[in-house]
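Before any comments, here is the structure.
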Amino acid sequence: MHRRIITPGVLAAASLLLAIPASATSGTPGAPGIGDPYYPDYGNGGYDVSHYDLRLRYRPGTDELQGTATILARTTQDLSGFDLDFLLDVSEVRVNGSRAAFARSGEHELVVTPGTPLAKGTPVTIVVRYGGVPSAKSAYGFTTWHRTPDGAVAADEPEAAWWWFPSNDHPGDKATYDVSVAVPDGTQAISNGTLQSTTSKLGWTTYNWRQNKPQATYLATLALGRFDITTGTSDGGVPVLNAYSRDLGDDDGAARASVERTGELVDWLSGYFGPYPFASAGGYVPRTTTGYALETQTRVYYSPKQFRNGSNTSVVVHELAHQWYGDDVSLKGWKDIWINEGFARYAQWLWSEHEGEGTPRELADYVYASHPADDAFWTVAPGDPGPDHQFDAAVYDRGALAIQALREEIGDDAFFAVLKGWPKEHAYGNASVADFQEYAERVSGRPLAALFGTWLFAPSKPAVPAARAASLAGTGTRVARPRSWRRIEATNDVHRH
Ligand code: TRP
Ligand code: ZN
């Protein structure tokens, strides 16, 4: 009898369909993950971001963050909708100027459905208005927004962005950034790149930061607190900006004695890796209780704990080396973490030699000799360690050992050409371990599959030539521990979350 009743919803859907030009398809939803097997739901499918514009306001007393994110992207398929990775409370989403529907899904997905589907290969502007108390949000049982006595810090790996801006959260989608943060007068806001300006109005100071080179989302950082900011320029012409919490207490001297050497160390690393790739360099030391340092692009995050035993240039060298290996050239998938950590560790070995505290060869011998064949250390393959072993000592130490093995196989001339040529080859892009092998083969003219297989992928202790094995195995002699060893090891004192 009443079969012909049509609900308003059906009518709306019908008129929506009529509004779509004949050539357009309705599209399908973008995938909730970008396709990284280590972290299947990290990042998203269907679009590629080119720029994040973040307008933020922060209250240190209550940890309230309010913001508007304007995201410039391009679709990579016909899209009926797409996800962003985000945890804070969203009040409005606009896509190409029009209000879009949005909903939560999973641990950290914000599902956006625009009124009109988006055609493949077209530019899209996404505006997200949001707010909340980041420290009150968690996903998978953890939060990486770290409160300090005077504010907060966002710096973690691989999860950090969810607590402060909506994003396509995977290194595979790099973008430029403008980050503008209003904080009460007397508080500073530190982020990546260059400080374009600060303005003050009615008790609030706004810090305008610009990152004009592509940056992975996990390398975007934000620190809010009472900081002393120092600026300078390296001999090589790189502008340097550092920031120190005003409450570092007894760690203040050692922190400054380390981080103030950024310009000198950037210039020294340029000798190995080529020109510094960004418009600014530096670091910041907030009063956090976490132990690690992180290579946040242009503005390295250091825990005060890294300086508890006095100055530590080794950790500064490690994080600055990442600016070339990890930040300029980023990994393609998280399985490629050796591209980051193996080389940052090897840079520490080079610095150790420069300081007269042990050569790379001595450090390699020490790593080799200090792990017996039945040590679980050798079961972790630095070339594909698995998500649970991504930041194991093996990725760093066995990873650097593999680099020393490469050096001995192809000789110093080819080796240092590879070291310097790689950042240029993949400037501001992404690359994999396989890409590195291919590049080293091209530069050296040698097949390297066996070498990479042995040192990066075999789940066992590699054999070395008999003569060397005898001297390493402790036939009476023990391999001496290089003086730089303890300090180098302390760098990857990673306690996740
Ligand atoms: N990439 C960091 C470094 O090299 C170490 C690190 C791994 C880390 N996982 C982390 C730092 C998580 C902070 C949070 O030095
Ligand atoms: Zn590192």
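Only the coordinates and a few stated rules stand behind these numbers; no lab work does. Please read all numbers here as calculations on a predicted model, not as lab measurements. Because the Cβ atoms are built from the backbone with ideal geometry, glycine has one as well, and the counts that use them run over all protein chains shown.
Evaluate the charge dipole of the stretch 330-493 about its Cα centre and quote only its size in Debye, nearest 20, assuming +1 on the Cβ of each Lys and Arg and -1 on the Cβ of each Asp and Glu.
Numbers: 17 positive and 23 negative charges, 44 e Å.
Computed about the Cα centre, the dipole is about 220 debye.
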Selected from ILE126, ALA369, SER50, residue furthest toward positive end of dipole (the chain; charges at beta carbon): ILE126
Most to least packed among 231-239, 464-472, 278-286 [average Cβ atoms within 10 Å]: 278-286, 231-239, 464-472
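Would the stretch 330-493 count as rounded, prolate or oblate if I go by the C-alpha gyration tensor, calling it rounded below 1.5 in a/c and otherwise prolate when a/b exceeds b/c, oblate otherwise? Don't jump to the answer; show the numbers that get you there.
Values: a/c = 1.43, a/b = 1.37, b/c = 1.05.
It comes out rounded by the Cα gyration axes.
Using the beta-carbon distance between THR230 and ASP185 and R0 = 22 Å, what value does 1/(1 + (r/R0)^6) give for FRET efficiency, to the nearest 0.05? It would help to have the intermediate numbers written out before the result.
Working: r = 20 Å, r/R0 = 0.91.
Efficiency at R0 = 22 Å is approximately 0.65.
On a full-extension model of 0.36 nm per residue, what is the gain between GLU489 and HIS51, subtracting their alpha-carbon distance, rounded to one decimal in nm? Mind dumping the intermediate values first?
Details: separation 438, 0.36 × 438 = 157.68 nm, distance 3.64 nm.
That pair, GLU489 and HIS51, stretches by 154.0 nm at full extension.
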Rg/Rg_globular for the chain, with Rg_globular taken as 2.2 N^0.38 Å and Rg from C-alpha atoms: 1.05
Hypothetical label at GLU408: residues of the stretch 325-366 whose amide nitrogen lies under 13 Å (7 Å Cα-Cβ projection): 360-366
Cβ-Cβ FRET estimate between ARG94 and LYS424, R0 fixed at 35 Å, reported to 0.05: 0.30
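With both bridge residues required to lie in the stretch 232-360, what share of the DSSP beta bridges run antiparallel, to the nearest 5%? Could the numbers behind the result be given before it?
Values: 4 of 10 bridges.
Antiparallel bridges make up about 40 percent of those DSSP assigns within the stretch 232-360.
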The stretch 100-181: GluC sites (Glu not before Pro) in DSSP loop, at most 15 other beta carbons within 10 Å: GLU107
Protection-proxy order for peptides 397-408, 83-94, each taking the mean of Cβ atoms within 10 Å per residue, highest first: 397-408, 83-94
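With 22 Å as the limit, write out which pairs from LYS213/LYS332; LYS213/LYS420; LYS174/LYS332; LYS120/LYS213 have Cα-Cα distances beyond it, or answer none. Don't jump to the answer; show the numbers that get you there.
Working: LYS213/LYS332 17 Å; LYS213/LYS420 19 Å; LYS174/LYS332 11 Å; LYS120/LYS213 25 Å.
Among LYS213/LYS332; LYS213/LYS420; LYS174/LYS332; LYS120/LYS213, the Cα-Cα distance tops 22 Å for LYS120/LYS213.
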Stretch gain in nm, segment ALA467-TYR140, where the contour uses 0.36 nm per residue and the Cα spacing is subtracted: 112.7 nm
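Between ARG446 and ARG481, what FRET efficiency follows from the Cβ-Cβ distance if R0 is 30 Å, with the result rounded to 0.05? Each step should come with its number before you reach the end.
Values: r = 32 Å, r/R0 = 1.08.
It comes to 0.40.
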Using alpha-carbon coordinates, inclination of helix 313-324 to the longest axis of the chain, degrees: 50 degrees
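If you place +1 on the Cβ of every Lys and Arg and -1 on the Cβ of every Asp and Glu, how big does the dipole about the Cα centre of the stretch 195-279 come out, in debye to the nearest 20? Don't skip to the answer; put the middle values down first.
Details: 7 positive and 9 negative charges, 102 e Å.
Dipole about the Cα centre, nearest 20: 500 debye.
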Dipole moment magnitude, nearest 20 debye, the chain about Cα centre, only Lys, Arg, Asp, Glu C-beta charged: 1100 debye
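Express the relative contact order of the stretch 284-327 as a whole percentage, based on alpha carbon pairs under 8 Å and six or more residues apart in sequence.
Details: 53 pairs, mean separation 16.5, N = 44.
Relative contact order, the stretch 284-327: 38 percent.
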Helix axis angle, 8-19 relative to the chain longest principal axis, alpha carbon, degrees: 70 degrees
